[in-house]
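**Q** Following this message is one structure expressed as structure tokens.
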Amino acid sequence: MNNLANSKIAIIGLGYVGLPLAVEFGKVRPVIGFDINPQRIAELQSGKDHTLECSSQELAQATQLHYSCTAADLHEARVFIVTVPTPVDSANRPDMTPLIRASTTVGQALKKGDLVIYESTVYPGATEDVCVPILEQCSGLKFNLEFYCGYSPERINPGDKVNTLTTIKKITSGSTPTVADAVDALYGEIIKAGTWKASSIKVAEAAKVIENSQRDLNIAFVNELSVIFERIGIDTLEVLEAAGSKWNFLPFRPGMVGGHCIGVDPYYLTHKAEELGYHPQVILAGRRINDNMARYAARNVIKRMLQNGVDVARSTVGVLGITFKENCPDIRNSKVADLVKELQQWGGHVVVADPWADPVEVQGEYGIVLGTIDANHPVDALVVAVGHNEFRNLSLQQLRAWCRNSKPVLADLKSLYNRHEAAAAGFSVFRF
């Protein structure tokens, strides 16, 4: 694999994962940044990134990076890194369509001696069982004789400016020991935190999928505690803070679990397990709990509104935040959309406001038109669903001025405010 040492790289997919990778490699060697969306290419060529993962200055520093949406340009590359999304469908089954299409595109550009590395999250075995046959068919080349594969799972945390691509240790792997060394050396060019060379592609795939499955289960545990403690009549956060006084207590918080990783990846693992005749118990139980939290929150808001004498069918509920996490424009798999849908089923009007989200993207993805919530556009109940800094900096007096009835509901789902002060300000408070 020495002949690939200074070869041109093609990054397939320029989203939250692919763009930072293309930028870092573009600082040290020639890179083709490929995306099928011409608007995305035009945006990046103008020096802008709407995902906010890369600043204009960072884009300019990648002097060897060139963008393209023309598949013919990929023939110039010898190394291909696939970073397309791997979502689930409406039945929570893995949707491999983007990965299959990307493999087809790469296969048509493959030449003898080329290397294809996948970063998209998949179940163990997907690279060799799903992607490799497509590469062979489209290229007419033989795997591990005329082309090779690697797997290096992405660990991008959207919106995080501290734990970035180069500062997070990178798992690497290859289809042969020699290829594994080459893949490891390749990423070693840009990853300051170092690499972890896995013994096989399957091990690397499994390591990625359990990272987020583990976190999903830990959050499911505290979510279930939240449901129990609400019935007991004690505050979950106060319990967790008390328990956290022990040195080895894990500081997980309850909440809605969305996004492109934690709310999706476990389904890839359970899909593979069920294919092999094993029905996972713990993992799917955690998924059921977390997927139900949006409905749980909405129903608690409605219950408190009814208890306070609010005519729900003629009310307006304000929701602050639609992105899947704070201080980030990413709306993929946002569970706030599920919460909005549940609130709407009770007949009232729901207004969603979010200074970080793209209104066109939100309307296209969820059919939600972003609006305004303030003293001139008051509501009967307020749900703070995302912890954006803009919301953290609001005072309870400001929030109270945005509500029009004598006892408005404040659902502080991110625990941004002191619940006792919120009650003193006149709110009927709910939080996980």
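**Q** Mean-square fluctuation check for the chain, GNM, Cα pairs under 10 Å: which of N248, N376, N218 is largest?
**A** Of N248, N376, N218, the most mobile in the Gaussian network model is N248.
**Q** Take peptides 222-229, 272-279, 110-117 and line them up by average Cβ neighbours within 10 Å, highest first, as a rough protection proxy.
**A** 110-117, 222-229, 272-279
**Q** Cut-off 10 angstrom, C-alpha nodes, Gaussian network model of the chain. Which of L165, L52, L370 fluctuates the most?
**A** Looking only at L165, L52, L370, the biggest GNM fluctuation is shown by L52.
**Q** Using alpha carbon centroids, what distance separates region 272-294 and region 62-114, in Å?
**A** 29
**Q** When we measure straight from the Cα of K272, which aspartates and glutamates land under 17 angstrom away, once same-chain ones fewer than 8 places off are left out?
**A** The reachable aspartates and glutamates, counting only those whose Cα sits under 17 Å from K272, are D89, D95, E128, D129, E205, E211.
**Q** Cut-off 12 Å, label point 7 angstrom out along Cα-to-Cβ of T176: give me the residues of region 91-128 whose amide nitrogen falls inside.
**A** 113-114
**Q** Let me know the charge dipole size of region 251-308 about its Cα centre in debye, to the nearest 20, where only the beta-carbon of Lys, Arg (+1) and Asp, Glu (-1) is charged.
**A** The calculation lands at about 460 debye.
**Q** Then there is this: No solvent, one uniform scatterer per C-alpha: report log10 I(q)/I(0) for region 305-432 via the Debye equation at q = 0.09, 0.12 1/Å, two decimals.
**A** Debye intensities relative to I(0), on a log10 scale: -0.22, -0.40.
**Q** Take the solvent-accessible surface of the protein heavy atoms, probe 1.4 Å, and return the percent of it on region 226-322 that carbon and sulfur atoms account for.
**A** With neighbouring chains kept in place, the figure for region 226-322 is 55 percent.
**Q** Straight-line reach from K407: which lysines have a Cα under 16 Å away, not including same-chain ones fewer than 8 places off?
**A** K303
**Q** Beyond a 25 Å Cα-Cα separation, which of these cross-linked pairs lie in this structure: K8/K169; K170/K325; K208/K414; K161/K414; K27/K208; K169/K414?
**A** The pairs that break the limit, which is 25 Å between Cα atoms, are K208/K414; K27/K208; K169/K414.
**Q** At a 1.4 Å probe radius, carbon and sulfur cover how many percent of the accessible area of region 367-420?
**A** Whole-percent figure for carbon plus sulfur exposure: 44.
**Q** Give the span of the chain's Cα atoms along each principal axis, as three whole-Å numbers ordered largest to smallest.
**A** Cα extents, longest axis first: 73, 48, 39 Å.
**Q** Taking only protein heavy atoms and a 1.4 Å probe, what accessible area per residue, in Å², does the chain have with all protein chains in place?
**A** 44
**Q** Report for the chain the percent antiparallel among DSSP-assigned beta bridges with both residues inside it, nearest 5.
**A** Around 5 percent antiparallel, to the nearest 5.
**Q** Can I ask one more? Given the DSSP H assignment, sum -39500 (n - 2.57) over each helix run of at least 4 residues in the chain and divide by its residue total; what's the result at 222 nm in deg cm²/dmol, nearest 500?
**A** Roughly -11000 deg cm²/dmol at 222 nm, from the helical runs in the chain.
**Q** Dividing the Cα radius of gyration by the Kirkwood radius, what Rg/Rh value follows for region 28-128?
**A** Using Cα coordinates only, the ratio equals 0.99.
**Q** Of all trypsin sites (Lys or Arg not before Pro) in region 129-166, which ones are in loop regions per DSSP and have a Cβ with at most 12 other Cβ atoms within 10 Å?
**A** Here the trypsin sites (Lys or Arg not before Pro) that fit, given the DSSP loop and packing criteria, are K142, K161.
**Q** If you build a Gaussian network model of the chain, linking Cα atoms that sit under 10 Å apart, which residue out of E24, E421, E361 swings the most?
**A** Highest fluctuation of the listed residues: E421.
The values are calculated or read from the model by the stated rules, or taken from the named source; none is laboratory data. Nothing here was measured: the structure is a model prediction, and the numbers come from that model. Heads up, the Cβs are rebuilt from the backbone with ideal geometry, glycines too, and the neighbour counts pull from every protein chain shown. Accessible surface areas use protein heavy atoms only, side chains included; no ligands, DNA or RNA. Shrake-Rupley method; radii C 1.70, N 1.55, O 1.52, S 1.80 Å.
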